[in-house]
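Input: a single structure, listed below in structure tokens.
The values are calculated or read from the model by the stated rules, or taken from the named source; none is laboratory data. Source: prediction; values computed, not measured. In this analysis, Cβ positions are derived from the backbone assuming ideal geometry, glycine residues included, and neighbour counts consider all displayed protein chains.
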Amino acid sequence: MAQVNTIHGLMDESQLMKLPGLVDNDNEHTSTVEYCLLNCPGDAHKTGVPDSVSHFCNLHVHRSAHVTLKKAVTAEGVAASFA
Amino acid sequence: MANTQALCTSFKREILNGIHALGTSVVRAGTTPDSFKAALYLASATINAGTTAYTVTGEVSGTNYSAGGVDLTGSPDWIAPDISGTTAFSTPTNSIVFTNVTLGTAFDAVLIYNSTQGDKAVSVHTFGSQTITAGNFTLTMPTNDATTGLLRIA
């Protein structure tokens, strides 16, 4: 079983609850993985409502994110006419 | 044949290569590309088109995150500027990775800046708000072409 780096140090994945996430829109493709302790008392697990827009459970012990940017910054080049 | 008014496509690529100096420029010892860095900013920060240089104001802080962010790791940092159609484009060579960090306050932007030239700002890229805990934050680049390249002059 894989080891996960957490705020409590390295922990065996079997001791944790894994919460994967995925966002795919015009701006980005983002995959996240969040781990909580088994039997985490966080409200989010009871209600299914994330505690924050930035993560699912406030009591998570590990969270990583992988963002693939889709939207570039583009400058328009113009050669204008003389007045 | 007829003449066509245009900003020459080659000029757009040459701007990215630092060829043209329409104003006061910098002294360069050689032709080596500049070095760039990437810093992360809180969702409450104000980093935008008006940002002129790296600033610590609004930057994230946390375990294993150093002020100023991380170096871009390519050799060189950017894929050689290219042109397709009338668009010049370039993209960082490698993904930008913040390793084993804990960033507990929500952040949603990265500023890429030129650390060789006085930390001058290059571009701001935003994404969905994140926190990271004892983990990695990875920014993977899009395909480097005229449609999806990270920086484009159309």
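Taking the numbered list (1) buried (at least 19 other Cβ atoms within 10 Å of the Cβ); (2) closer than 18 Å to B:THR91 by Cα; (3) out of contact with any His (no Cβ under 6 Å at 6 or more places or on another chain); (4) in contact (Cβ under 8 Å) with a residue 24 or more places away in the chain in turn, B:SER123 passes all entries but (1). In the set (1) assigned to a strand (DSSP E or B); (2) at pLDDT below 95; (3) more than 9 Å from chain A (Cβ to nearest Cβ), the condition left unmet by B:ALA121 is number (2). Look at (1) assigned to a loop (DSSP other than H, G, I, E, B); (2) touching a Phe, Trp or Tyr at 6+ places or on another chain (Cβ under 8 Å); (3) aliphatic (A, V, I, L, M) and you find that B:VAL101 fails only one, number (1).
Within the stretch A:23-50, count every residue that is without any contact (Cβ under 8 Å) to a residue 40 or more places away in the chain, within 11 Å of another protein chain (Cβ to nearest Cβ), touching a strand residue (DSSP E or B) at 6+ places or on another chain (Cβ under 7 Å) and more than 23 Å from B:ASN64 (Cα to Cα). Residues in the stretch A:23-50 being without any contact (Cβ under 8 Å) to a residue 40 or more places away in the chain, within 11 Å of another protein chain (Cβ to nearest Cβ), touching a strand residue (DSSP E or B) at 6+ places or on another chain (Cβ under 7 Å) and more than 23 Å from B:ASN64 (Cα to Cα): 1 in total.
When the test is whether a residue is under 27 Å from A:CYS36 (Cα atoms) and either in a strand (DSSP E or B) or modelled with pLDDT of 95 or more (or both), B:LEU111 does not pass it. Would you mind stating whether B:SER84 is of a type in the set (S, T, N, Q) and away from chain A (no Cβ under 14 Å)? Considered against the rule, which asks whether it is of a type in the set (S, T, N, Q) and away from chain A (no Cβ under 14 Å), B:SER84 comes out as no. Considered as a group, the residues in the stretch B:127-145 that are more than 20 Å from B:THR73 (Cβ to Cβ) and surrounded by fewer than 17 Cβ atoms within 10 Å (Cβ to Cβ) include one that is nearest to the other protein chains (Cβ to nearest Cβ), and that residue is B:SER129.
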